[in-house]
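We did not get these values from a lab; they are worked out from the coordinates using the rules stated. Bear in mind the structure is a predicted one, so any value in this text is a computation, not a measurement. Neighbour counts are summed over all protein chains in view; Cβ atoms, including those assigned to glycine, are modelled from backbone coordinates with ideal geometry.
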Amino acid sequence: MLAVYLCEDNLEQLQHYKDVIKRYIMINDYDMVVNLATPSPKELLENLQANPPEYALFFLDIEFPAEKMSGLETAIAIRKLLGFAEIVFVTTHSEMALLTFERKVEPMDFVVKDLGRTQIDQKLRENVDYGYQRYTNYLGNTENLFSYNIGGRTFSLPMGDVYFVATAETPHKVMVHAVNQLVEFPGFLKDIADQYPELYRTDKSFLVNLDNVSGIDSETRRLVFPNGDETDVATRRFHEVKTLVQKHLKS
Amino acid sequence: MDAVLQLFGRQFWTNFVLAMTMQWFLTIWIGLIRPQNWKLPLKWVGWALIPAFIGEPWSLLIPPISALVYLIRHLALIFVNATIVIFLVVVLINDVTRQVAIELWGRRIADSVSAITARLFFQIFIYSLISLAVSGMHIQPGNLTKLALSRKEQWTVMAMLASLTVLAEMSSLIIHHLQISHAMLTFSLSIELVMVLLISASLFGFLQSFFSRQRMRAKYQETLLRTRYDRRISDQVQAIRQFKQTYQKQMLQLGDYLDANDYEGLATYYETLNQRWQATSHLAGLEADGLQRLGDPALKSLLFQKILAAQNRGRNLHLEIPEAIVSLPMASMDLLRIVGILLDNAIEAPAVGDRSEIYCAILAYPDAYEIAVANPVSTLTPPKINRFMGAGYTTKGNGHGQGLSTVKELIDRTKNAALQVAIKRGMLYFTVILTKPGR
């Protein structure tokens, strides 16, 4: 069961969001329920502490002029409290400190109120869909994650998005090449290889996710990825890699 | 080693004087002699008394070993190797002078107290010469960071020095063990000395020219950055002057309307002014919004400058600095370059539809700081981020895009830095994470 929580200080809007979401859950027959719709972030947190849900989806406003607490603090508190929490911010454009929210909370989405009612409703429904999809993925454990640590914080991305990990030009740094992402951080290729045995060591400086290889160039002995990147393959491993890749490409 | 060490004799004063000299040399070499280090000679005496009281030949190894430990603990291995080479050269010189003395006047005179003293003075003389040369070359470990040697360069230099060490030590050991007449021994030792001296002289000459080139390069980059920084400040002054002029013009215009008693015209003019002010009002509010929470004045000025630059291009740069930040754990010049390049890149990127907002945030975490820059990108033809970090990728035509490879280079070079580049929901995010030192 995925629990939905709404927090918005405009009571009329709160009721409207609640109606939209409830109706959408019913139509799609999702395993979801609206647990709480409140104008007060304090009440929301108290409720969460009293009976914490296992899986939850939040729709939060950002500014609460009547309360001491802001939407950002609330979201950070929620992240600390719950293991699985997807957060969507519903806010007017002007009050949005986009980057701060993006980096500190990693919300699933922002719904901008200035768009007009129909657009907002559409966005809310999309996010219910998307949150439910993430929830089912999580339950089915289909979402295999690649996690890494920088400065005491853990970041993760779906393993299916990872193309390959390479050593950077300076020692003690590695670079992760993924779909729409590029990350360089201090680390060792060997540690990553130990942690993720599903990644294949094609060369001393490359760890490859063979699932994502889109082609193989036998002449230069390189693997080709959908984004045009290429990685070297060690001569003595080339034959083995080639058979593996061909198997992957067929399936 | 025994044959070499035997030469020092067992007297207290021999050991004491030699240890003092060695330390003098080593301290100059390590580069610690400064007026505030007035206690240093006392430390030398302390260290020199230890081998002097032990009185054994091997005890002379104590001061150089302590110096080496210091070097290994604090600084690059290059200097450890260089120190060993110089030590061996001095030992070799001592050996050769003794053999020459034996050849000329016989063993008895050569090992007499006065001869040993003379040799000691000769050694001190040589040490002093090398010390002077070293301090003249400005290549002490204290200056190492300024040289910005890459790891590969460090290893090359180290390998050269190490092979020189082995060469000097092995050859004199072998010569001592050969079954040859004493004249031959003296001769071959002299030849060896000349060779080792030549090799080390040329090696040091090479190193010096190499180092001076490195220094030149570092200095050039620094001046380059400084002129850029100066230019930014003068740009700011320019912007303020412009603002003053517009303001004066507007006041005059208002006065004209008043003089002509044209209240209707005044009302409409005021209306347009009011609209224009709203567009620039957050400029006045800049100091109140985020920037005042930033402690680094250079970075502050850069951000201010970039906000103006964005406005000139009709873009809006949102700055988010929610918590006070005293300073960021990165070399100031590198930091400015990175932030400057990232913001330029965001400002110069074309607006996507009606989305033209640019975001920049500096955030604090318990163990790290984060600098994030975001700008809208097309969802249909997103830029290829895997091409960013190679030199020359750009969506803006030729001449741009060199910057991002520089960012990667700087991140590469900074130990505590990490970089995330991502495209999410039609936005391109660059995030530099700087972990606090000691974590």
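Label point 7 Å out from A:ASN10 along Cα-to-Cβ: which residues of the stretch A:95-122 have amide N under 15 Å?
Counting only backbone N, you get A:95-96, A:111-122.
Would you mind calculating the gained length between B:ARG217 and B:LEU49 on full extension (0.36 nm times residue separation, minus the Cα-Cα distance), in nm to one decimal?
That pair, B:ARG217 and B:LEU49, stretches by 56.0 nm at full extension.
Relative contact order, percent, of chain A when contacts are C-alpha pairs under 8 Å separated by at least 6 residues?
With pairs under 8 Å counted, the relative contact order is 11 percent.
Rg to Rh for the stretch A:157-203: what is it, with Cα atoms only and Rh by Kirkwood?
Rg divided by Rh gives 0.93.
How large is the convex hull of the Cα atoms of the stretch A:146-250 per residue, expressed in Å³ as a whole number?
100 Å³
Along the charge dipole of the stretch A:146-250, Cβ charges K/R +1 and D/E -1, which of A:VAL241, A:PHE206, A:PHE155 sits furthest on the positive end?
A:VAL241
What FRET efficiency would be calculated for the residue pair A:THR235, B:VAL166, taking the C-beta separation as r and a Förster radius of 30 Å, to the nearest 0.05?
Efficiency computed from Cβ-Cβ geometry: 0.30.
Once R0 is set to 30 Å, what does the formula 1/(1 + (r/R0)^6) return for the Cβ-Cβ distance between A:ASN180 and A:ASN28, expressed as a FRET efficiency to the nearest 0.05?
0.60
State, as an integer percentage, the relative contact order of the stretch A:146-250 based on alpha-carbon contacts under 8 Å between residues 6 or more apart.
Relative contact order here is 18 percent.
Just A:LYS123, A:LYS80, A:LYS42 to compare: in a GNM of chain A, with alpha carbon springs under 10 Å, which one fluctuates most?
Among A:LYS123, A:LYS80, A:LYS42, the largest GNM mean-square fluctuation belongs to A:LYS80.
Tally Lys/Arg at +1 and Asp/Glu at -1 over every other residue whose Cβ is under 10 Å from the Cβ of B:ILE362; what's the total?
My count for the surroundings of B:ILE362 gives -3.
How much of the DSSP bridge set in the stretch B:285-435 is antiparallel, in percent, rounded to the nearest 5?
For the stretch B:285-435, the DSSP antiparallel bridge percentage is about 80.
Wrap a convex hull around the Cα atoms of the stretch A:77-149, take a quarter of its surface area, and give that in square nanometres.
Answer in nm², one decimal: 5.9.
I'd like the FRET efficiency for A:THR136 and B:LYS415, computed as 1/(1 + (r/R0)^6) with the beta carbon distance as r and R0 of 60 Å, rounded to 0.05.
According to the calculation, E is roughly 0.90.
At a Cα cut-off below 13 Å, give the aspartates and glutamates reachable from B:LYS415, other chains included and same-chain residues fewer than 8 away excluded.
A:GLU169, A:GLU184, B:ASP334
Taking just the alpha-carbon atoms of the stretch A:1-70, what radius of gyration and Dmax come out, in angstrom?
Using the Cα atoms of the stretch A:1-70, the pair Rg, Dmax is 12.3, 37 Å.
Tell me the label-point distance for the pair B:SER378, A:THR220, using the 7 Å Cα-to-Cβ offset, in nm and rounded to one decimal.
2.6 nm
Just grab the label-to-label distance for B:MET184 and A:MET1, each label 7 Å out from Cα along the Cβ direction, in nm (one decimal).
With each label point 7 Å from Cα toward Cβ, the separation is 10.1 nm.
Quick one: which of A:LYS247/B:LYS384; B:LYS152/B:LYS300; A:LYS204/A:LYS242; A:LYS42/A:LYS80; A:LYS68/B:LYS424 span more than 26 angstrom between C-alpha atoms?
A:LYS247/B:LYS384; B:LYS152/B:LYS300; A:LYS68/B:LYS424
Determine the calculated [θ] at 222 nm for chain A from helices alone, applying -39500 (n - 2.57) to every DSSP H run no shorter than 4 residues and normalising by the residue count; nearest 500 deg cm²/dmol.
-11500 deg cm²/dmol
Want the number for A:ARG117 to A:ASN149: 0.36 nm per residue separation, take away the alpha-carbon distance, what's left?
7.5 nm
Where Rh denotes the Kirkwood radius from the mean inverse Cα pair distance, what is Rg over Rh for the stretch B:285-435?
Across the stretch B:285-435, the Cα-based Rg/Rh ratio is 0.94.
Using every Cα-Cα pair within the stretch A:2-139, state what percent have a distance larger than 21 Å.
When every Cα pair of the stretch A:2-139 is considered, 35 percent fall beyond 21 Å.
Once label points are set 7 Å from the Cα along Cα→Cβ at both A:ALA77 and B:LEU173, what is their separation, rounded to one decimal in nm?
Label at A:ALA77, label at B:LEU173, 7.2 nm between them.
Across 5 Å bins from 0, what is the distribution of all Cα-Cα pair distances for chain A, in whole percents?
1, 5, 12, 14, 14, 12, 10, 9, 9, 7, 4, 2, 1, 0
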